[in-house]
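Throughout, read-outs are computed from the coordinates displayed, never taken from laboratory work. Predicted model only: the values in this text are computed from it and were never measured. In this analysis, Cβ positions are derived from the backbone assuming ideal geometry, glycine residues included, and neighbour counts consider all displayed protein chains.
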Amino acid sequence: MRDIVILGIESSCDETAAAVVRNGREVLSNVINSQIETHTVYGGVVPEIASRKHIEAIVQVVRQALSEADRRIEDIDAVAVTYGPGLVGPLLVGVSYAKAFAYGCAKPLIAVHHIEGHIAANYIEYKELEPPFMCLVVSGGHTHLVNVRDYGDYEILGRTMDDAAGEAYDKVARAIGLGYPGGPKIDRAAREGNPEAIAFPRAHVDGEEYDFSFSGLKSAVLNYLNSCEMRGEAVNTADVAASFQAAVVDVLVGNSMKAAERSGAVRFALAGGVASNTALREAMKKACGDRGIDFYRPSPILCTDNGAMIAGAAYYEYIKGRFADIRLNAVPNLKLELTTPNAGLLT
């Protein structure tokens, strides 16, 4: 089979990204234009500003990705783009650009689910990895425990019932004065703190043993901070960060290992922005090692939103002949179960 080279475009939140990937696993280029500095002053992503920044950056990012890959437009076999879930404005920028690019250059268009892209980051990192395996996807907007039965075939075992893990990190970081983005800042602060200093709750969902809930934990942190203020007590930021992080990691690892043991999984992977968290990576590695489960986690650059993971996921759609057409639209609340078929997809 000849090599398949795909241009992947990602713009679901605050990174404008494009990459060129060969055969779903070999990254020829991976360009990411981050908006973190822009949004830091607001304490989080402002969708309207993010949309404008994507418009400003996307042409140059795609050109740079092609240049770094040493590929011309005619060398590209297909154009892939994230069409959901995510912020509707940023998604529309990527989808509109990808449709115009594909139409103008007479290239097939492939629609990619954002979560599926995160899962596919593991294929890039680990060339030998193939389904079936279990994957925990943890990011600012998602917390999913997924049974990856085959390429494009997913069973959702658990998900967050309220806040995603990354969202909880951002809110707690803001509350204790660390600012945005919360994930890496809490991760760093926690290294200087005592994870057993404060007994924050570990939430479990009645009747849904693999689901997650972090809103109660977030509220417990805010209540602790308020009580300290009322009593005039100083807050040890490092201890709060470490205790909060320990509560999140305990639940993520506990639910994941419970599901893995009961399903007989022999391979387990992490994915998503929070997958770069050092405490989570170490705890999951130990938990998998104790149970004889092979553990996979992408490099931090592949955990964040990027075009390589989109192109990687698109490869498996390409070989199935599953392409989108000009009707493709952004779907901000797209569910993983709805990746096939959807409006604008040709089956």
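For the chain, what percent of Cα pairs sit more than 38 Å apart? Pairs farther apart than 38 Å: 16 percent. Computing FRET efficiency as 1/(1 + (r/R0)^6) for CYS105 and ILE49, where r is the C-beta to C-beta distance and R0 is 30 Å, gives about 0.50.
Between ARG174 and ARG291, the distance separating the two model label sites (each 7 Å from Cα on the Cα→Cβ line) works out to 3.4 nm.
A full extension of the chain between GLU229 and ARG63 corresponds to an added length of 54.6 nm, given 0.36 nm per residue minus the alpha carbon distance.
Would you please classify the overall shape of region 132-298 from the alpha carbon gyration tensor, given that a ≥ b ≥ c denote the square roots of the eigenvalues, rounded means a/c under 1.5, and beyond that prolate means a/b larger than b/c while oblate covers the rest? Before the final figure, lay out the partial values.
On the way: a/c = 2.12, a/b = 1.92, b/c = 1.10.
Prolate, because a/c is 1.5 or more and a/b exceeds b/c.
Annotation for LEU222 and MET161: the two label points, set 7 Å from Cα along the Cα-Cβ direction, are 1.9 nm apart.
Between VAL235, VAL137, VAL88, the residue with the greatest mean-square fluctuation in the GNM of the chain (Cα pairs under 10 Å linked by springs) is VAL235. Pull up the DSSP beta bridges for the chain and report the antiparallel fraction as a percent, rounded to 5. Given both bridge residues lie in the chain, the antiparallel proportion sits at roughly 65 percent.
Given the options SER139, SER51, SER227, state which has the largest fluctuation in a GNM of the chain using a 10 Å cut-off (strictly under) for Cα springs. Comparing SER139, SER51, SER227 in the GNM, the peak value goes to SER227. Distance between the modelled labels on SER34 and GLU74, one decimal in nanometres: 3.8 nm (7 Å Cα→Cβ projection). I'd like the orientation of helix 88-105 relative to the chain: the angle between its Cα long axis and the longest Cα principal axis, in ° from 0 to 90, rounded to 10. Rounded to the nearest ten degrees, it is 20.
The antiparallel fraction among DSSP beta bridges confined to region 132-298 stands at about 60%. Considering only GLY152, GLY264, GLY182, the Gaussian network model of the chain with Cα springs below 10 Å gives its largest mean-square fluctuation to GLY264.
Along the Cα-to-Cβ line of ARG149, 7 Å from the Cα, sits a label point; which residues in region 310-330 have backbone N less than 18 Å from it? Backbone N within reach: 317. Computed from Cα positions, the angle between helix 47-69 and the longest principal axis of the chain comes to roughly 50 degrees. Tell me the angle of helix 237-263 to the major Cα principal axis of the chain, expressed in degrees between 0 and 90 and rounded to the nearest ten. It is inclined by approximately 60 degrees. Computed over region 19-90, the P(r) tail beyond 18 angstrom holds 49 percent of alpha carbon pairs.
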